[in-house]
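The next block holds one structure in the form of structure tokens; read it before the comments.
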Amino acid sequence: MQSSVEVFRPVIPSRLKRLLLPLWNGGHQLAWRAGEYAGAIRHRRFDRCAVCGRWGPKLYRRWVIRPELERRSGVSPLAVEAWARKESCDCPFCGAKLRARRIAEVLLSLDLLGDPPSPARSLRDWVASPRARALRVAEVNEIEGLHTFLLQLPHLSYSEFRDDAAPGEVIAGIRCEHLERLTYADASFDLILTSETLEHIPDLTAALSEIHRVLRPGGRHVFTVPLLPGVPKTFARARLRPDGTIEHLATPVAHPGGDWGYPVFSEFGADLPEILLNAGFEVDLMFGPVRNDDLCQVIICRKPRESIIPK
Ligand SMILES: [Zn+2]
């Protein structure tokens with residue numbers, strides 16, 4: 001016969017549990033947030049946010065780079081911290097992460113319509129300025145942290161990728177576009193924005209050619225992609241078979257989970273500027289070069305005024 005062991009469990013009435021749970025969760029969140037603020041103070045992560053313009057701490061979240069993504073990408077612990085800074089260091093007021101704030105900094109510094117750079121000190125002010133409001137802008141896939149501000153631009157064309165939609169189709173009020181087959185006319189935009197998108201496009205050459213086509217001569221594509229140290233040459237992690245299935249050519253990586261999310265087709269390396277030059281752009285790498293302690297570069301591609309058709 002089995003002997004039964006009595007374990008003492010305090011009996012908390014369910015009504016009391018319901019009362020205590022929000023307190024416990026609230027306390028836990030508060031402690032977590034206090035830790036993030038303490039980290040910002042310890043590492044002197046205070047600056048003016050280029051998106052909302054407010055001065056404040058930047059909250060670092062190491063957990064945004066999941067262990068499986070870290071393992072599959074094979075980057076050093078130092079580089080993973082830099083990657084986590086790129087994907088966090090959030091502004092507590094507007095939520096913009098470092099990657100969004102750097103894109104905003106670049107937008108504030110550019111002479112997008114041939115004017116001198118904007119006197120605006122934040123994206124919030126910039127979108128209200130007449131020169132920004134004159135721009136024809138494409139935001140291809142929502143850029144977290146920038147999107148709500150960009151929506152205020154009168155000539156913004158915002159689109160999302162959906163594999164169940166035809167390019168150009170509007171679903172629930174949102175235009176669907178595929179970077180390999182954009183449905184915009186030639187020379188439609190002064191500025192195209194993408195962030196952490198190009199690595200997920202199966203045919204990179206087609207995407208770059210489409211971006212080049214829909215930019216006006218002199219127009220810019222401002223973007224970020226994952227740039228990891230120690231990758232000298234861009235390589236394909238996967239390719240799409242004619243039947244639409246994925247063939248893996250190297251360790252499969254997906255964002256954001258590593259083993260779940262959107263599959264990575266291109267892993268970009270140090271030759272990225274060369275790839276963009278060959279696609280017919282003039283190229284600037286801002287906040288570069290890629291270093292173990294800074295992986296948050298912003299790339300500016302400009303379609304030359306006297307544009308030659310790319311090979
Ligand atoms: Zn902010």
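The values are calculated or read from the model by the stated rules, or taken from the named source; none is laboratory data. The structure presented is a predicted model; accordingly, all values stated were derived computationally and were not measured. All Cβ positions, even for glycine, are placed from backbone atoms using ideal geometry, and neighbour counts span all protein chains on display. Protein only, heavy atoms only, side chains kept; ligands, DNA and RNA dropped before computing areas. Shrake-Rupley method; radii C 1.70, N 1.55, O 1.52, S 1.80 Å.
Points worth noting:
- Among (1) at pLDDT below 95; (2) open to solvent by less than 60 Å² (accessible area, probe 1.4 Å); (3) closer than 24 Å to Ala254 by Cα - the single one Gly74 does not satisfy: (2)
- Residue within the range 111-119 that is modelled with pLDDT under 95, part of a loop (DSSP other than H, G, I, E, B), more than 15 Å from the ligand (Cβ to nearest atom) and farther than 24 Å from Leu215 by Cα present: yes
- Check on Pro167, touching a Lys or Arg at 6+ places or on another chain (Cβ under 6 Å) and part of a loop (DSSP other than H, G, I, E, B): yes
- Residues (within 17 Å of Asn278 (Cα to Cα) and open to solvent by 10 Å² or more (accessible area, probe 1.4 Å)) located in the range 213-229: Arg213, Pro217, Arg220
- In the range 112-156, the qualifying residues are those that are open to solvent by 60 Å² or more (accessible area, probe 1.4 Å) and acidic (Asp, Glu), and the one that is farthest from His178 (Cα to Cα) is Asp125.
- Verdict on Pro232 being farther than 30 Å from Gly114 by Cα and touching a helix residue (DSSP H, G or I) at 6+ places or on another chain (Cβ under 8 Å): no
- Strands (runs of 3 or more DSSP E) fully within the range 207-291 counting 1 or more residues that are more than 24 Å from Ser109 (Cβ to Cβ): 238-240, 246-248, 254-256, 261-263
- Among the residues making up the range 50-82, those that are under 30 Å from Asp125 (Cβ atoms), more than 11 Å from the ligand (Cβ to nearest atom) and either in contact (Cβ under 8 Å) with a residue 60 or more places away in the chain or assigned to a helix (DSSP H, G or I) (or both) are Val64, Ala82.
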